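Here's the structure, in structure tokens; my notes come after.
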Amino acid sequence: MSGMKEFDSLIKPPLAPPGFLFPIVWTILYTLMGYSSYLIYESNDYHSECCLKIYTLNLFVNFLWSPIFFGLNLRLFGLIWIIILVIIVVYMILCFYKVNKKAAYLQIPYLTWCLFATYLNLLYYLLNR
């Protein structure tokens, strides 16, 4: 068993949302994230280049979580990875705040979802060891 087949057989944590919700949420989050990064890109602030590098790192770390968690079925490593992602997102928001407060606030739903995903990852790990 591998990937989504194995995932479907796992004990689900309380508050686990239905699968159809994920593409809706991620579409909204990526729209907010994209607009937020655009605001940083368009600013004339000297911090913007550094902020966009952190944003790119965030996207890279975010992208790798799914193959780690679903593809490799590494729940504990996925938990560690998503905690690293949350730290990067917090740092990115603080960086964005220096350049454009609106851009920083637009990242709050993403941080909230990442924290919720951390909860889910933790419970999937604990309930399915």
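Values for this structure:
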| read-out | value |
| --- | --- |
| Counted residues, the range 88-97 - those being surrounded by 16 or more Cβ atoms within 10 Å (Cβ to Cβ) and either charged (D, E, K, R) or more than 13 Å from Met33 (Cα to Cα) (or both) | 3 |
| From Leu72, Leu122, Leu79, residue being out of contact with any Phe, Trp or Tyr (no Cβ under 8 Å at 6 or more places or on another chain), surrounded by 14 or more Cβ atoms within 10 Å (Cβ to Cβ), closer than 30 Å to Lys5 by Cα and not aromatic (Phe, Trp, Tyr) | Leu122 |
| Qualifying position, being at pLDDT below 95, among the aromatic types (Phe, Trp, Tyr) and assigned to a helix (DSSP H, G or I), among Phe63, Phe70, Phe77 | Phe70 |
| Residue list for the range 90-103, restricted to those being assigned to a helix (DSSP H, G or I) and closer than 14 Å to Cys50 by Cα | Tyr91, Met92, Ile93, Leu94, Cys95, Phe96, Tyr97, Lys98, Val99 |
| Residue list for the range 17-27, filter: more than 19 Å from Thr118 (Cβ to Cβ) and either in contact (Cβ under 8 Å) with a residue 12 or more places away in the chain or under 15 Å from the mean Cα position of the chain (by Cα) (or both) | Pro23, Ile24, Thr27 |
| Qualifying positions in the range 1-57 - of a type outside the set (Asp, Glu), farther than 19 Å from Pro109 by Cβ and assigned to a helix (DSSP H, G or I) | Gly3, Met4, Lys5, Phe7, Ser9, Tyr41, Ser48, Cys50, Leu52, Lys53, Thr56, Leu57 |
| Single residue of Asn44, Asn58, Asn128 found to be in contact (Cβ under 8 Å) with a residue 12 or more places away in the chain and surrounded by fewer than 17 Cβ atoms within 10 Å (Cβ to Cβ) | Asn128 |
| Matching residues in the range 68-97 - criterion: being closer than 21 Å to Arg129 by Cβ and without any contact (Cβ under 8 Å) to a residue 12 or more places away in the chain | Leu72, Leu74, Phe77, Ile80 |
| Checking Ser48 against (1) touching a Gly at 6+ places or on another chain (Cβ under 9 Å); (2) over 25 Å from Ile11 (Cα atoms), the condition it does not meet | (1) |
| Test: residue in the range 104-112 that is part of a loop (DSSP other than H, G, I, E, B), touching a Lys or Arg at 6+ places or on another chain (Cβ under 8 Å) and surrounded by 13 or more Cβ atoms within 10 Å (Cβ to Cβ) | no |
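The values are calculated or read from the model by the stated rules, or taken from the named source; none is laboratory data. Since the model is a prediction, treat every value here as computed from it, not as a measurement. Backbone-built Cβ (ideal geometry, glycine too); neighbour counts: all protein chains shown.
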